[in-house]
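Worksheet: the structure to be examined is printed underneath.
The values are calculated or read from the model by the stated rules, or taken from the named source; none is laboratory data. Quantities reported herein were computed from a predicted structural model and do not represent experimental measurements. All Cβ positions, glycine included, derive from the backbone under ideal geometry; neighbour counts span all protein chains shown.
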Amino acid sequence: MKKLFKHILAPLFLVILACSSASGATVDLLLDGADSWLPVDSSRWRFTGGELHGATAKFDGDKTDPEASTFLVSKATYSGDYIVSIDLTFDQGRYLGVYLDFDQGSQTGIWMASGHALDENAPANEVERAYIKTVEKGFWIVRATGELLVEKGRRIKLGFSRRGDTYSIWNDGKLIAVYRKEGGYSAGPLQLRLTNSAVRIHRLQVRTGKGK
């Protein structure tokens, strides 16, 4: 009877293991606070109460003004298939950029964002266009866009993914922008960028593997 039980259990364990591997692993990038990121400018980024709060020094500066933008770079580099899931609330502005597979040295890779920075007098319910840009040796090209609604003080869910050669943006579980790059780009550290904005990030996770 014990031998029969072992024969039944062994294949079952392999099936469970295979399913677990196929669904991938999830990393919580807020769990360890600043320890998961390269040195953090505490005047721009703060980990508090299990959340990440970010804000630029200015909210009406030019895009090239250092005080109108701020970056946060992860210590980790993800390769293969993965999705970056973010729950966030904008308290000022509407602009969050997410760099995937981006090489800072060669300025090459993929950059996705929630929308261009808007004039401070823009209506609170103005429709934004999320977009995907490729960067080749510092030269930026918009490859795909998709509409999403970003309202001040309203919590939204965003996803930025790579599946094979395909890069995508998701809003509340809905696919809104897709770009396919033959061969994709080499893996690079996850980076966040704010421009003329203040944001509270309530959840920030990376899920690797085939599972969405």
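Candidates are the residues of the stretch 127-144 that are under 24 Å from residue 91 (Cβ atoms) and out of contact with any Lys or Arg (no Cβ under 9 Å at 6 or more places or on another chain); the one that is modelled with the highest pLDDT is 130.
Looking only at the stretch 87-126, residues that are modelled with pLDDT of 70 or more, part of a loop (DSSP other than H, G, I, E, B) and charged (D, E, K, R) come to 1 in all.
You will find that of 129, 162, the residue that is surrounded by 15 or more Cβ atoms within 10 Å (Cβ to Cβ), free of Cβ contacts under 8 Å to residues at least 24 places away in the same chain and in a strand (DSSP E or B) is 129 and no other.
Of all residue pairs spaced 6 or more apart or on separate chains, those with beta-carbon atoms under 8 Å, a first member in the stretch 145-156 that is modelled with pLDDT under 85 and a second member that is loosely packed, with under 13 Cβ neighbours inside 10 Å and part of a loop (DSSP other than H, G, I, E, B) are 149/125; 151/124; 151/125; 152/124. Of all residues in the stretch 194-208, those that are over 15 Å from residue 156 (Cα atoms) have Cβ atoms under 7 Å from Cβ atoms of residues that are among the acidic types (Asp, Glu), 6 or more apart or on another chain, in 196/60; 208/81. Listed by position, the strands (runs of 3 or more DSSP E) contained in the stretch 168-212 that have at least 2 residues being under 18 Å from residue 136 (Cα atoms) and modelled with pLDDT of 90 or more are 174-180, 189-195.
With the requirement that a residue be surrounded by fewer than 18 Cβ atoms within 10 Å (Cβ to Cβ) and in contact with a helix residue (DSSP H, G or I) (Cβ under 9 Å, 6 or more places away or on another chain), what does the stretch 174-212 give you? Matches in the stretch 174-212: 209, 210, 211. Cβ-Cβ contacts under 6 Å between residues 6 or more apart (or on different chains), taken from a first residue in the stretch 57-86 that is in contact (Cβ under 8 Å) with a residue 40 or more places away in the chain to a second residue that is among the basic types (Lys, Arg) and in a loop (DSSP other than H, G, I, E, B), are listed as 68/58; 70/44; 81/210. If the condition is being surrounded by fewer than 17 Cβ atoms within 10 Å (Cβ to Cβ) and in a helix (DSSP H, G or I), then the stretch 39-81 contributes 66, 67.
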